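The next block holds one structure in the form of structure tokens; read it before the comments.
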Amino acid sequence: MKYRLLPETGQNVSEVGFGVWTLSTGWWGEYTEKQALAFLHRALDLGVNFFDTADVYGHGYGEELLGKAFDHDPREVVIATKVGYDFSGPARSRGQRELPHNFSEGFLREAVESSLRRLRRETIDNIQLHNIRMEHIQDDRIWALLETLRQEGKIRSYGIALGPAIGWLYEGIEALRRRRPHVVQHIYNLLEPFPGRPLMDAAPDLSPRFLVRVPHSSGLLEGRYTTDTIFPKGDHRNHRPAHWLPNGLKKVEQLRFLEAPGRTLGQAALQWILCEPRILSCLPNIYTMEQLEEFAAAPDAPPLSRNELDRIDALLAGNFGIEEPREAYKGTMTPALSE
């Protein structure tokens, strides 16, 4: 495993992190607590020391899992969580539909305190405003509160998560320009490079601050899906547009040249992301032990060559020779609280 520096904290985080939403939401399968804890313990054994969650994942369950897994572990574990959604009362029953936001000072303070209790920590390494909107970027009170929470020792760093679907370019650029968040989380992968690339180009420097989620385009870039693949009822991938699977499969076939001795397509997809120095860590969707072993080994697999990188650039420049519906370029999915 290789590591990069989390801004403002002095902490080194693994280039491959673990997004806990797969274990805690039921959208990628059901796991017992024992199974979920086994994933987390094995990840740390493999050098994965960065774990990303949110208070809304399982209505606090994702944070509780991390608290139980690492409460007494002497090894360094770096945890990021997200706040900003109100999942109390009737909102708890909204399934995969986006929940109401609440970025008031009182709500955010209580959310941070609740996260600290569930994580069994005195300080949160990184807090992200969950799927922030432009109005929140422009609200000075929110950002003043984040600085106050840092001074109080409640958090070490802060940032934003953009979503819930692909997009939110202008929100990300405005936040980078106006607020300089320590961390920005967004979707970015070989099949969905926009708007991640122009977003990163808007960064004020080359410091690693970007967290990449969905680096395998919800599993497509692992190279295991076929035209006959059917996702279980309630699976998050059912919210993808109709063209996502057939067009994605055509693109994946053109990327098979990235498979090499000692390197899988899934590992190559992560390496392509990690070639960018502004990226802090990538958060693959991990829901099997085999994936965990494969992805954790990605930074140490045979690296991509200059020729391979050039071939990727050429494919991306022509969108793999595939004409897609106009909405594909907007990067939209069915509105849902994705990650």
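Read the figures in this text as sums done on the coordinates, not as results from a lab. Predicted model, so just to flag it, every value in this text is computed and none were measured. So basically every Cβ, Gly included, is an ideal-geometry build from the backbone, and we count neighbours across all protein chains shown.
Data overview
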{"quantity": "Prolate/oblate/rounded call for region 1-59, Cα gyration tensor, a/c under 1.5 rounded", "calculated": "oblate"}
{"quantity": "Fraction of antiparallel bridges per DSSP, region 3-330 only, in percent to nearest 5", "calculated": "20"}
{"quantity": "Cα gyration tensor, region 10-127 - rounded (a/c under 1.5), prolate or oblate", "calculated": "oblate"}
{"quantity": "Part-to-part distance (alpha-carbon centres) for region 35-70 and region 215-255, which is given in Å", "calculated": "26"}
{"quantity": "Charge-dipole axis of the chain as Lys and Arg at +1 and Asp and Glu at -1 on Cβ define it, positive-most pick from THR123, THR148, VAL20", "calculated": "THR148"}
{"quantity": "Proximal lysines relative to LYS251, as straight alpha-carbon distance under 28 Å, when same-chain residues fewer than 8 apart are discounted", "calculated": "LYS233, LYS330"}
{"quantity": "Spin-label model distance (nm) - LEU5 vs ASP140, 7 Å beyond Cα toward Cβ", "calculated": "3.1"}
{"quantity": "Rg/Rg_globular for region 3-330, with Rg_globular taken as 2.2 N^0.38 Å and Rg from C-alpha atoms", "calculated": "0.95"}
{"quantity": "Peptides ranked, highest mean first, by Cβ atoms within 10 Å: ranges 166-176, 265-275", "calculated": "265-275, 166-176"}
{"quantity": "Reach of LYS82 by Cα under 22 Å, taken over lysines that are not fewer than 8 positions away in the same chain", "calculated": "LYS68, LYS154"}
{"quantity": "Residue order, fewest to most surrounding Cβ atoms within 10 angstrom, among VAL77, VAL183", "calculated": "VAL77, VAL183"}
{"quantity": "Label zone at ARG97, where the point sits 7 Å out along the Cα-to-Cβ direction: region 236-255 residues whose backbone N lies under 20 Å", "calculated": "236-241"}
{"quantity": "Cβ-based exposure ranking for MET200, MET1, in which fewest neighbours within 10 Å come first", "calculated": "MET1, MET200"}
{"quantity": "Ratio of Rg to Rh over region 166-305 (Cα coordinates, Kirkwood Rh, two decimals)", "calculated": "0.98"}
{"quantity": "Sequence of ASP139, ASP310, ASP228 once ranked by neighbouring C-beta atoms within 10 Å, starting from the fewest", "calculated": "ASP228, ASP310, ASP139"}
{"quantity": "Where N is the number of residues in region 243-295, Cα Rg divided by 2.2 N^0.38 Å", "calculated": "1.25"}
